[in-house]
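Beneath this line is the structure, given in structure tokens, with notes to follow.
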Amino acid sequence: MSAHRFSVRVYYEDTDFSGNVYHAAYLKFFERGRTEFLRDLGIHHSELVKDGIAFAVRAMTIDFAAAAHIDDLLTVVTQVGAFTGARLTLRQTILREETTLTSAEVTVVAIKVGGGAARMPAELRARLAADVER
């Protein structure tokens with residue numbers, strides 16, 4: 001299974017009054033990591049939406065181990081945990097150099113843009129399977 005890596009810089013807007021990254025900012029960093037992971041597999045949200053499919057976060061478990069600070073260069077690591085026809089679970093970690101700051105397990109589900117559950121397109125499932133095999 002390959003690990004996708006995405007770099008993100010901490011800006012002033014990501015921090016709280018103490019100079020630490022505000023907890024909700026980590027959600028944005030994780031979202032960017034998931035989006036870039038899919039993009040590197042050749043899967044673009046804009047194309048999925050044209051097909052009437054989107055992803056919705058179903059569940060997320062987060063562990064905040066240490067704080068990031070303004071100007072830190074972080075790495076968001078994303079790996080496939082498991083997937084079915086409609087559900088994708090990803091393990092994500094935010095690192096500063098080799099130090100784990102935050103980790104999460106995120107489950108997203110495929111939905112129809114108009115509402116209701118959907119299956120992920122076969123091509124998407126095939127690309128995820130190929131990534132898991134790497």
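Using only side-chain charges placed at the Cβ, +1 for Lys and Arg and -1 for Asp and Glu, the dipole size of region 1-120 relative to its Cα centre rounds to 620 debye. The calculated pair-distance distribution of region 4-133 uses every alpha carbon pair, bins of 5 angstrom beginning at 0, and gives 2, 10, 20, 22, 17, 13, 9, 6, 1, 0 percent. Placing unit charges on the Cβ atoms of the charged side chains and taking the dipole of the chain about its Cα centre, the candidate lying farthest along the positive direction among Gly85, Tyr11, His69 is Gly85. Work out the FRET efficiency for Arg87 and Ala126 from their Cβ-Cβ distance, taking R0 = 22 Å, and round it to the nearest 0.05. After rounding, the FRET efficiency stands at 0.85. A Förster distance of 25 Å, applied to the separation of the beta-carbon atoms of Phe17 and Thr99, puts the FRET efficiency at 0.60. Placing a label point 7 Å from the Cα of Asp72 along the Cα-to-Cβ line, the residues of region 23-55 whose backbone N sits under 17 Å from it are 23-33. The residues neighbouring Thr15, those whose beta-carbon lies less than 15 Å from its own, together hold a net charge of -2 under the Lys/Arg +1, Asp/Glu -1 convention.
Is the C-alpha gyration tensor of region 84-134 telling us rounded, prolate or oblate? Criteria: a/c under 1.5 is rounded; beyond that, a/b larger than b/c is prolate, otherwise oblate. The shape class here is oblate. Think of it as helices only: each DSSP H run of n ≥ 4 in the chain is worth -39500 (n - 2.57), and spread over all residues that comes to -8500 deg cm²/dmol at 222 nm. Gain on full extension, evaluated as 0.36 nm per residue between Arg134 and Ala24 minus their Cα-Cα distance, stands at 36.4 nm.
Read-outs throughout are calculated quantities, based only on the coordinates presented, and are distinct from any laboratory measurement. No experiment lies behind these values; they were computed from the predicted model shown. Don't worry about glycine lacking a Cβ; one is built from the backbone with ideal geometry, like all the others, and counts go over all protein chains shown.
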